[in-house]
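Structure record follows, encoded as structure tokens.
The numbers here are math on the coordinates, done by the rules we state, and not lab data. Predicted, not measured: the structure shown is a model, and the values here were computed from it. All Cβ positions, glycine included, derive from the backbone under ideal geometry; neighbour counts span all protein chains shown.
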Amino acid sequence: MLYRSTRAGDADGSRTWTLEDAVLQGLAPDGGLFVPVSVPALDPRALLASPAWTDASFADLAKRIFRLYIDTDAVPDAALHGIVDRSFGAFSHADVTPVVRLPHATGAADASAPPLWVLELFHGPTHAFKDVALQFLGNLFDFFLRRRNAAAAVQQHGGKRHAITVVGATSGDTGGAAIYGLRGKPDIQVFILHPHKRISPDMVKALFGDEEFRSRYSLAAINSINWARILAQTTYYFYAYYARARATRVQFSVPTGNFGDVLAGFYARAMGLPVHRFVVATNENDILHRFLQTGRYTKPEDTKAGVDPVKQTLSPAMDILVSSNFERLLWYLVGVSLSPSFNAAADPLSGDNLRSLTVKSYMDQVKTAGGFSVPPSVLAAARSIFASDRVDDASVAAAIQRYYHVPFQAGQTPYVLDPHTAVGVVAAERLLKSSGDNPPVQTVCLGTASPGKFPEAVLSAINESVPEASKARGFQPVVFGDIAPRALVELDGLPQRCVLVRTGLVGVRQTIQGTLDTPKSHL
Ligand SMILES: *Cc1c(COP(=O)(O)O)cnc(C)c1O
């Protein structure tokens, strides 16, 4: 399988990259995102009836799916199996991503409402769904570097080892997951910028834009546009489908920020997995919800000087202005807007290249005009697959409270939602109320973080304004240790070490240089 750029449309349109280059580079040189030149179509009978699919473990599904996108000369079988086993062996749950049933929490009148399921993606080493992708990406980087640094290859290369420097910025939980995915790997250095007060991810972009610096330190990106991350995430859609659906229809509600998680589902569907629809669930940073309502993809109006246009919400990992993976979806969607009389053979541009030119012009408009509009055919194509909703903080807090207290009052086991998962659960509840799908669709909400990662929001939703009925049942305030995995509880109170980077880009550059150029500084 080869990869192309979403933006390469003219002379560059036929350029392709290997998986290794696409993964190590992250972003195409023209600023576009890498997409596979084709999406493999699976035989629907095998998909629904062959035990090799329907009864496969998470790791077996991953091996099957990854093989479709990664040729054996890029990663041989034995190596791929090792990478998969190491990546998902780091998860604490035997099923890797278990699917559990949510208790009823919508009130007594709704006791007959169709059930909701949660696909728990947070049993990895940092308790966030980003572990699924970053464990795999880390092991893949490691494999490529080890191969490049095998003794003979190093000799040919004048004795110089290949090494990479991963740089990322995060206000969510990418940082910890990236560090955990890369730690202990020889020839990989990691710098993750965390907000001291606020951080601009543009600083990292600027760093990558500095060609001299970028090549001197072989900068590599691990942000959510890396193709390997999307690929890793397709696995759990298959897994959840087999765990939940089989003969019935299934839909997924996905708390969404940069559109990586739900895009992976889109690929699973494009490969043939019979998914009814996806619910794109946003918080108050709702550019995707607004797009799916109107066909206009625009940054918020409120970009006055001095006002941060990103709203800080209870679900910080979804606090975005624009959604970096959306460009990949657009690349597929604009295909339908090509005129029916368009003749790819007669046109100097192939259909794919024409798409890329369209995508590039949209992305240019985001930069120059703050946004763009798509024609009705493109919006209709999007809406045939994606529903959407916007869930505000008050509804998130109310949902966390309900899923705890309603079961508690009924003597059942409460479910503790994290604020991101709650966004998806609320969107799913609302959709089920309004859509009247018949026959009912099995609805799976993606559980993207352990509640223990966001204890302030979770504990205050559960412990403040406790319902009378809970008091009557002897409710005692919930504490951190009740909602967090033990590994997180043990971190509490450990000393924190912090390198403060003071002066913007210059400071970041100096910190990286200072660390890497000082012999044996911290290795
Ligand atoms: C990153 C993240 C999301 C959003 O995923 P995207 O792929 O950016 O849409 C949701 N929840 C949590 C906890 C996250 O860390």
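The table that follows gives values for the structure above.
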{"quantity": "Neighbour-count ranking [beta-carbon atoms within 10 angstrom, fewest first] of 372, 386, 291", "calculated": "372, 386, 291"}
{"quantity": "Rounded to whole Å, sorted largest first: equivalent-ellipsoid semi-axes of the stretch 267-323, Cα gyration tensor", "calculated": "28, 13, 9"}
{"quantity": "Hull volume in cubic angstrom per residue (convex hull over the Cα atoms of the chain)", "calculated": "172 Å³"}
{"quantity": "Rotationally averaged projected area of the stretch 413-461 (alpha carbon convex hull; nm²)", "calculated": "4.1 nm²"}
{"quantity": "Loop-exposed GluC sites (Glu not before Pro) per DSSP, neighbour cap 13 Cβ within 10 angstrom, longest uninterrupted part of the chain", "calculated": "1-300"}
{"quantity": "The stretch 174-241: trypsin sites (Lys or Arg not before Pro) in DSSP coil with no more than 11 other Cβ atoms inside 10 Å", "calculated": "183, 197, 198"}
{"quantity": "Relative contact order computed over the chain (Cα-Cα under 8 Å; 6+ residues apart), in percent", "calculated": "17 percent"}
{"quantity": "Cβ-defined net charge surrounding residue 149, 12 Å radius [Lys, Arg +1; Asp, Glu -1]", "calculated": "+4"}
{"quantity": "Fully extended contour minus Cα-Cα distance, from residue 194 to residue 100, at 0.36 nm per residue", "calculated": "30.6 nm"}
{"quantity": "Sites matching trypsin sites (Lys or Arg not before Pro) across the stretch 19-103 that sit in DSSP coil, with at most 15 neighbouring C-beta atoms within 10 Å", "calculated": "none"}
{"quantity": "FRET efficiency for residue 497 and residue 468, using Cβ-Cβ distance with R0 set to 60 Å, rounded to 0.05", "calculated": "0.85"}
{"quantity": "Extension gain, residue 392 back to residue 72 (0.36 nm per residue minus Cα-Cα distance, nm)", "calculated": "110.6 nm"}
{"quantity": "Where only C-alpha atoms are counted, convex hull volume of the stretch 167-238 per residue in Å³", "calculated": "111 Å³"}
{"quantity": "Expected 222 nm ellipticity per residue - DSSP helices of 4 or more, -39500 (n - 2.57), all of the chain, to 500", "calculated": "-13000 deg cm²/dmol"}
{"quantity": "Sorted by Cβ density within 10 Å, fewest first, the residues 388, 356, 92, 14", "calculated": "14, 92, 388, 356"}
{"quantity": "Square roots of five times the Cα gyration tensor eigenvalues for the stretch 399-487, Å", "calculated": "25, 17, 11"}
{"quantity": "Rg in Å to one decimal, and Dmax rounded to a whole Å, for the stretch 1-123 via C-alpha atoms", "calculated": "19.8, 63"}
{"quantity": "For 364, 131, order by how many other beta-carbon atoms lie within 10 Å, fewest first", "calculated": "364, 131"}
{"quantity": "Unsatisfied cross-links (Cα-Cα over 28 Å) in the set 63/205; 185/453; 63/311; 63/453; 63/185", "calculated": "63/205; 63/311; 63/453"}
{"quantity": "Label-to-label distance, nm, for residues given as residue 517 and residue 150 (7 Å Cα→Cβ offset)", "calculated": "3.5 nm"}
